[in-house]
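The values are calculated or read from the model by the stated rules, or taken from the named source; none is laboratory data. Please read these numbers as outputs of a predicted model, since none were measured by experiment. All Cβ positions, glycine included, derive from the backbone under ideal geometry; neighbour counts span all protein chains shown. To get the accessible areas, we keep the full protein, side chains included, count just its heavy atoms, and leave off ligands, DNA and RNA. Shrake-Rupley method; radii C 1.70, N 1.55, O 1.52, S 1.80 Å.
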Amino acid sequence: MEKDEILARAKKYIAEEKDERFRKEVEELVAKADDKDALAELEDRFYQSLEFGTGGLRGIMGGGTNRMNTLEINLATQGLANYVIKAFPEKAKDGTLSAVVAYDSRRNSDVFAEATALILAANGIKAYLFTGLRPTPELSFAIRTLGAQTGVVVTASHNPPQYNGYKAYWDNGAQVIEPHDAGIIKEVNAVKEVKTVSKEEAIKSGKLVLIDKEIDEKFWAMCKAQLFRPELIKEKASSVKIVYTPLHGTGAMHVEKVLGDLGLNVITVPEQREPNGAFPTVEKPNPEEAPALKMALALGEKEKADCVMATDPDADRFGSAFPNKDGKFVLVTGNQMGALLCEYVLLSRKEFGKLPANSAAIRSIVTSPFCDYICKKYGVKMHECLTGFKWIAAVEEEIEKGGNETYVYGFEESYGYKLEKEIMDKDGVSASAMCAEMTLYWASKGKSILEHLDDMWKEYGYFEDVSISQYFPGSAGKEVMAGIMTKLRKEGVKTFGGKKVLEIKDIRESYSFNPENPSEKKPITLPKSNVLQFILEGGTIVSARPSGTEPKIKFYINARTDASAGLDKAKAESAAVCAAINADIKKILENA
């Protein structure tokens, strides 16, 4: 990118950005543009504009078109408002359009959320704005409860502290998907003027309505209504001790309330209980990664807890750990918890006569097929979808509209679980309550969660699931990731870890083929996405996918080994397979 073009984009931004903090950052860089480092920083801030990915709009906060800032929020919201008005012309005409806006604990989230609400209000859309930070699942719940046409939550989920994001939702309570995402971006790019109004004027006109407990209380009741055995919890609650961390996010208010109402003894990590966008005790507030749970695990051992739980900053992801026989806590992966909850939901539904004959479950294509075996046992059909919970919601809608199947469960490997129909997104609050009940249930059968997981592996086979992530920041990084995917498509891969590739699924090109006979292609009905899957002999699956929300490429390994000859032997075989494949993936990344 030429210097003149970079400076032209920067000066245009300076002229349009009304937030002095972000404008000043760019002004200072422009003043030092002859410095190589300053120019490189300007290029990174302006080589592209943020786009909607699997999680909406997300990026590092700061001045620039490739940053999260007030101008980008304003443009996105005006574009969203324009699109909603066109999508619901009758409601726009009679003045009954509405939206819900929520935000998490990140820096600037409250500022971005209020700006969003006021722009919606100025465009004639009644904006329901939470008075304080709230979890993402409650935003989805509120859209459906209030009958709104759209919604926005300001959050960057589990990203590092320098990030923030903007997730747009539709009237079904799910994140926007095609054609709405493309339609909104088209409107954003066409924005000439951003309308806004003062907070006082918006409230006086009735176009800004502040909400809190009237939604909170219904949300708590809904979470508790998903449970199967409230009597068991009431009877055994005092015997269970739970250590919980919200990782400085939104979860404490809801998790403490729901579990507390059930009579459970919840000890929240004190250093991580209060919301704090700097996330001072963790490098990344991600319950998928062990370092984020270090303080919770230490407290869990000290308190001799039965379970350690964690939610990410917007409380849509749920992580957990359980003590082994030596009292040391073992982290349960998203795939493992997904299987544990799947089995518990299905066996409970069957026991209480709540498992329809035409039941259906949903998982993403990079999630372990562990649940497929469980669903087969209970006569439940498993559907696959693209990565991102908006796709799980989309498949659920298709299932329900078809009328031939009934949705009972959905999840993905990145610690997202959907137990209810009232929310069209993953929900860490409901997952925490169901996990607590499940722990009590298996304890009543004389089993710990880890012991029961061993039993499941003996029955269904041992599943080893590994993910490898490589970050490629900046404009050059984007090209490197594109190059990796192009190379994999062009040159193909005949083996991974010494195992022959029997089938390649190219989700972007919508077909699969045998690499030995590439001309014979079979159609794939999933929406197009930049994902490649390699099916190896023995059933192991390797997937490659650039992230839609972060500058990284991810590889997933899903390996299954029959455990009839013993669990230890199966674990050793799976570990060897994954290690060999991992070595091949590292070579691909090193040669990028």
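In the assembled protein chains, PHE463 presents an accessible area of approximately 10 Å² (probe radius 1.4 Å).
For region 237-323, the solvent-accessible area of protein heavy atoms averages 35 Å² per residue (probe radius 1.4 Å; ligands and nucleic acids excluded). Fully extending the segment from LYS93 to LYS199, taken as 0.36 nm per residue of separation minus the present Cα-Cα distance, adds 35.8 nm. What region 324-393 shows is 36 Å² of accessible area per residue, with the surface traced by a 1.4 Å probe over protein heavy atoms.
Leaving out ligands, DNA and RNA, what percent of the accessible area of the chain is carbon and sulfur, probe 1.4 Å? For the chain, the apolar C and S fraction of the accessible surface comes to 49 percent.
Sites listed here are GluC sites (Glu not before Pro) in region 1-79 whose DSSP assignment is loop and whose Cβ has at most 16 other Cβ atoms within 10 Å: GLU2, GLU51. Here the Karplus curve 6.51 cos²θ - 1.76 cosθ + 1.60, taken at θ = phi - 60°, turns the phi angles of region 489-502 into couplings of 6, 6, 8, x, 9, 8, 9, 10, x, x, 9, 5, 7, 8 Hz, with x standing for Gly and Pro.
Counting only DSSP H runs of at least 4 residues, each contributing -39500 (n - 2.57), and dividing by the residue count of the chain, the helix-based mean residue ellipticity at 222 nm comes to -13500 deg cm²/dmol. Using 0.36 nm per residue and subtracting the Cα-Cα separation, the extra length available between LYS18 and ALA476 on full extension is 161.9 nm. If only the Cβ of Lys and Arg carry +1 and only the Cβ of Asp and Glu carry -1, the dipole of region 473-535 around its Cα centre is close to 60 debye. Using heavy atoms of the protein chains and a probe of 1.4 Å, the accessible area assigned to ASP306 is about 60 Å². For GLY402, neighbours were defined as the other residues whose beta-carbon sits under 12 Å from its Cβ, and their charges (Lys and Arg +1, Asp and Glu -1) total -3. Accessible surface area normalised per residue over region 488-542 is 55 Å², counting heavy atoms of protein chains with a 1.4 Å rolling probe. For region 487-553, the Kirkwood hydrodynamic radius from C-alpha pairs, put into Stokes-Einstein at 25 °C and a viscosity of 0.890 mPa s, yields a diffusion coefficient of 197 µm² per second. In order along region 252-268, phi translates into HN-Hα couplings of 4, 3, 8, 5, 4, 5, 5, 5, x, 4, 7, x, 7, 8, 10, 10, 8 Hz, rounded to whole numbers, per the Karplus curve 6.51 cos²θ - 1.76 cosθ + 1.60 with θ = phi - 60° and x for Gly and Pro. Sorted largest first, the spans of the alpha carbon positions of region 290-380 along the three principal axes are 46, 27, 22 Å. Shape summary of region 216-300, radius of gyration then Dmax from alpha carbon positions: 14.1, 41 Å. When the GluC sites (Glu not before Pro) in region 279-325 are filtered for DSSP coil states and for at most 12 other beta-carbon atoms within 10 Å of their beta-carbon, the remaining sites are GLU283. Packing, as the average of other Cβ atoms within 10 Å across residues, places the peptides 198-209, 327-338 in the order 327-338, 198-209, highest first.
If the chain linking LYS569 and SER238 were pulled fully straight, counting 0.36 nm for each residue of separation and taking away their Cα-Cα distance, it would gain 115.3 nm. Set the Förster radius R0 to 45 Å, insert the Cβ-Cβ distance between LYS500 and GLU398 as r into 1/(1 + (r/R0)^6), and round the FRET efficiency to 0.05. That pair, LYS500 with GLU398, gives E of 0.80. Per residue, the convex hull spanned by the alpha carbons of region 539-592 comes to 87 Å³.
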